[in-house]
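First comes the structure, then the notes that go with it.
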Amino acid sequence: MALIIADRVKETTITQGTGTITLSGSTFGGFQSFSSAIGEGNTTYYCIQNESSFEIGVGTYSAGTLSRDSVIRSSSSDNKISI
């Protein structure tokens, strides 16, 4: 497992709550998917934005999901936000 830092990675999700995020695989114009940019079993920095709430942390990409391993900063007193 390596720490991978990649530019312009962005996907949507319909996941709710504070757990592991299931990624849609759908990207936005010019962005890469986590699958192609980060790769199976690797960790990366992430940012989640939900309305005015945000969360920045380190997570692991695996089988179309992104775990939220460690929160660095968030709008919820540096805890996981509910999405």
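When Ala63 is tested against (1) closer than 17 Å to Thr13 by Cα; (2) among the aliphatic types (A, V, I, L, M); (3) open to solvent by 50 Å² or more (accessible area, probe 1.4 Å); (4) in contact with a Gly (Cβ under 7 Å, 6 or more places away or on another chain), just one condition goes unmet, and that condition is (4).
Checking the stated criteria, Gly17 turns out to be of a type outside the set (A, V, I, L, M) and in contact (Cβ under 8 Å) with a residue 60 or more places away in the chain. Just the residues that are within 21 Å of Ser76 (Cα to Cα), open to solvent by less than 30 Å² (accessible area, probe 1.4 Å) and β-branched (Val, Ile, Thr), please, taken from the stretch 16-43. Matches in the stretch 16-43: Ile21 only.
For Asp78, the criteria (1) open to solvent by 80 Å² or more (accessible area, probe 1.4 Å); (2) at positive phi hold in every case but one, which is (1).
Going by the conditions given, is Ser52 open to solvent by 70 Å² or more (accessible area, probe 1.4 Å), among the small types (Gly, Ala, Ser) and without any contact (Cβ under 8 Å) to a residue 24 or more places away in the chain? When the stated conditions are applied, Ser52 passes them.
A single entry from Ile38, Ile81 fulfils the requirement of being within 14 Å of Met1 (Cα to Cα) and among the hydrophobic types (A, V, I, L, M, F, W, C): Ile38.
The values are calculated or read from the model by the stated rules, or taken from the named source; none is laboratory data. Everything numeric in this text was worked out from a predicted model, so none of it was measured. Glycine also receives a Cβ, built like all others from the backbone with ideal geometry; neighbour counts cover every protein chain displayed. Remember, those area values only see protein heavy atoms, side chains included, never the ligands or the DNA or RNA. Shrake-Rupley method; radii C 1.70, N 1.55, O 1.52, S 1.80 Å.
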